[in-house]
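A.B. asks: I'd like to ask some things about the structure below.
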Amino acid sequence: MMMSIMERLFRKRNDTASVAKERLQIVLAHERAGRTAPDFLPLLQKELLSVVAKYLEVEDEMIKITLEKAGEVSVLEINVELDKARIRKSLPIATEGKPIETKKAAAGI
Amino acid sequence: MSKVITITSGKGGVGKTTTSAAFATGLAQRGNKTVVIDFDVGLRNLDLIMGVERRVVFDFINVINGDANLNQALIKDKRVDNLYIFPTSQTRDKDALSKEGVERVINELRDNFDYIICDSPAGIEHGALTALYHADAAIIVTNPEVSSVRDSDRILGMLASKSRRAEENEAPVDEYLLLTRYSPERVERGEMLSIEDVQEILSVPLIGVIPESEAVLKASNTGMPVILDTESTAGIAYGDAVARFLGEQREMRFLKTQKKSLLRTLFGKA
Ligand SMILES: Nc1ncnc2c1ncn2[C@@H]1O[C@H](COP(=O)(O)OP(=O)(O)O)[C@@H](O)[C@H]1O
Ligand SMILES: [Mg+2]
């Protein structure tokens, strides 16, 4: 997929075609992944957000879900951007009696 | 069985209309009853490339609206038997091609022709989707250049999801890559993506490579499909592509830079 070291070493000084090929392979890999995304992804993203929002103050765009295909395996990647998130003062589980830990490690921050 | 072949690319100006004219003519020359339809509403050009611009009376929109029937709108080519041109209109209303209207026309054409060639407009919106909807086969016209390759990939995505075959869960559209405006000199200098590069990126079977050729402009000047210029590299390469489409084995030509051989130099042949 990506250019081998040999190819890079022997790339002619004005060989712009190999640059074009490499750039295309990268951009198309992303675009294809976006295209084959199944229909449930937006809903999954919404529901995940609502769960996370119970515990953390997060905005819509702080959760990103991607489905990437690399050969035979598909990887569902869920990214929650936490640097700007704050732990909610009134945590929902706390009402069930047991106090929950609000240490950074517990929240995974 | 009648076959609908859409000539598409995403990007504009890559050679779709040139290819539509060449393919339709080539298929007809080989005895197939063929019609070539201009789907580029508002930018009618196929009539010029086919040299029938002065014979257009009724067009695609007239037939869809019921103002004319197919027989009144189809223009019979004067050079090649079995070849008909179906021009589009100059209307600025891009949505003039209704889904039902197009379906009715295509079905009527299917009853009367072996091949229905659809010359797609550029883009990946309504116009291009209408042109590819009924496709049984698609020829993806691609230039060895980044934006053209990327747009071809997008159109492949559309064929896989938005065509009638995809919607109705039938066998997928047959896809073929046609690389046009290829310049072996520039590939050799590392300035242009090679055939192998483009094929590796798009992974669609290659139906032909049309070299960059001055004959294409000359042919369009006189309204003659370039495939009829059998002296030209582009004309010959289009002939090969049509033959391959019909199942013949043919080597790719004009892929190497023209180095004069010693013999040729000695005997003065160019
Ligand atoms: N193989 C080729 N060599 C040189 N010029 C070409 C070739 N193919 C197409 N062209 C030129 O490119 C331009 C666009 O071609 P056209 O078939 O109208 O593209 P499209 O229908 O995709 O917009 C025209 O000027 C045409 O003459
Ligand atoms: Mg065109």
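Values in this text are rule-based calculations from the coordinates and carry no lab data. Keep in mind it's a predicted model, so treat the numbers as computed, not measured. Using ideal geometry, Cβ is built from the backbone for each residue, glycine included, and neighbour counts are taken over all protein chains shown.
A.B. asks: Ranking B:M1, B:M224 by Cβ neighbours within 10 Å, fewest first, what do you get?
C.D. replies: Ranking B:M1, B:M224 by Cβ neighbours within 10 Å, fewest first, gives B:M1, B:M224.
A.B. asks: So what's the net charge close to B:N69: Lys and Arg +1, Asp and Glu -1, counting the other residues with Cβ under 13 Å from its Cβ? Numbers along the way, then the final one.
C.D. replies: Details: positive: B:R104; negative: B:D59, B:D67, B:E108.
Within the 13 Å Cβ shell, the charges total -2.
A.B. asks: Then there is this: Which one of B:L27, B:I75, B:T91 is farthest out on the positive end of the charge dipole of the protein assembly as shown, using unit charges on Cβ (Lys, Arg +1; Asp, Glu -1) and the Cα centre as origin?
C.D. replies: Value: B:L27.
A.B. asks: How would you order B:119-125, B:160-166, B:134-140 from highest to lowest mean count of nearby Cβ atoms within 10 Å?
C.D. replies: Values: B:119-125: 20.3, B:160-166: 16.1, B:134-140: 23.6.
Descending mean neighbour count gives B:134-140, B:119-125, B:160-166.
A.B. asks: Ranked highest first by average number of other Cβ atoms within 10 Å, how do A:45-53, B:147-155, B:193-201 line up?
C.D. replies: In decreasing order of mean packing, A:45-53, B:147-155, B:193-201 become B:147-155, B:193-201, A:45-53.
A.B. asks: What are the ³J(HN,Hα) couplings of region B:167-173, residue after residue, when phi is run through the Karplus curve with 6.51, -1.76, 1.60 and θ = phi - 60°? Round to Hz, x for glycine and proline.
C.D. replies: These are the phi-based 3J(HN,Hα) values: 5, 9, 6, 8, 4, x, 4 Hz.
A.B. asks: When Cβ neighbours within 10 Å are restricted to other protein chains, what is their mean count per residue of peptide B:197-203?
C.D. replies: Mean inter-chain Cβ contacts per residue within 10 Å come to 3.
A.B. asks: About its Cα centre, how strong a charge dipole does region B:193-238 have in debye, to the nearest 20, once Lys and Arg get +1 and Asp and Glu get -1 at the Cβ? Don't skip to the end; give the middle numbers.
C.D. replies: Values: 1 positive and 7 negative charges, 45 e Å.
Using only the charged Cβ atoms, the result is roughly 220 debye.
A.B. asks: Quick one: net charge of B:L27's neighbours, Cβ under 11 Å, K/R +1, D/E -1? Kindly include the intermediate steps, with their values, before the conclusion.
C.D. replies: Values: positive: B:K3, B:R30, B:K33; negative: B:D114.
Result for the local shell: +2.
A.B. asks: Got the relative contact order for region B:126-257 handy, in percent, Cα pairs under 8 Å and 6 or more residues apart?
C.D. replies: 21
A.B. asks: Then there is this: Just how large is the dipole of region B:101-178 about the Cα centre, in debye to the nearest 20, putting +1 at every Lys and Arg Cβ and -1 at every Asp and Glu Cβ? List each step's numbers first, then the result.
C.D. replies: Working: 7 positive and 15 negative charges, 39 e Å.
Here the size comes out at about 180 debye.
A.B. asks: Let me ask something else. Length gain on complete extension for the stretch B:T91 to B:S147, per 0.36 nm per residue less the alpha carbon to alpha carbon distance?
C.D. replies: Working: separation 56, 0.36 × 56 = 20.16 nm, distance 2.86 nm.
So the extension gain works out to 17.3 nm.
A.B. asks: With both partners inside the protein assembly as shown, how many of the DSSP beta bridges are antiparallel, as a percent to the nearest 5?
C.D. replies: 30
A.B. asks: Lys and Arg at +1, Asp and Glu at -1: add these up for the other residues within a Cβ distance under 10 Å of B:Y133 and post the number.
C.D. replies: Local charge sum for B:Y133: +2.
A.B. asks: What's the extension gain from B:N107 to B:N62 if we count 0.36 nm per residue and subtract their Cα-Cα distance?
C.D. replies: Working: separation 45, 0.36 × 45 = 16.20 nm, distance 1.66 nm.
Gain on extension, B:N107 to B:N62, equals 14.5 nm.
A.B. asks: Let me ask you something else. How high is the relative contact order of region B:1-130, in percent, with contacts defined as C-alpha pairs under 8 Å that are six or more residues apart?
C.D. replies: Working: 246 pairs, mean separation 56.1, N = 130.
Once normalised by length, the contact order is 43 percent.
A.B. asks: Placing unit charges on C-beta atoms (Lys and Arg positive, Asp and Glu negative, everything else neutral), compute the dipole magnitude of the protein assembly as shown about its Cα centre in debye, rounded to 20. Spell out each step's value before the answer.
C.D. replies: Values: 52 positive and 56 negative charges, 215 e Å.
Roughly 1040 debye for the protein assembly as shown.
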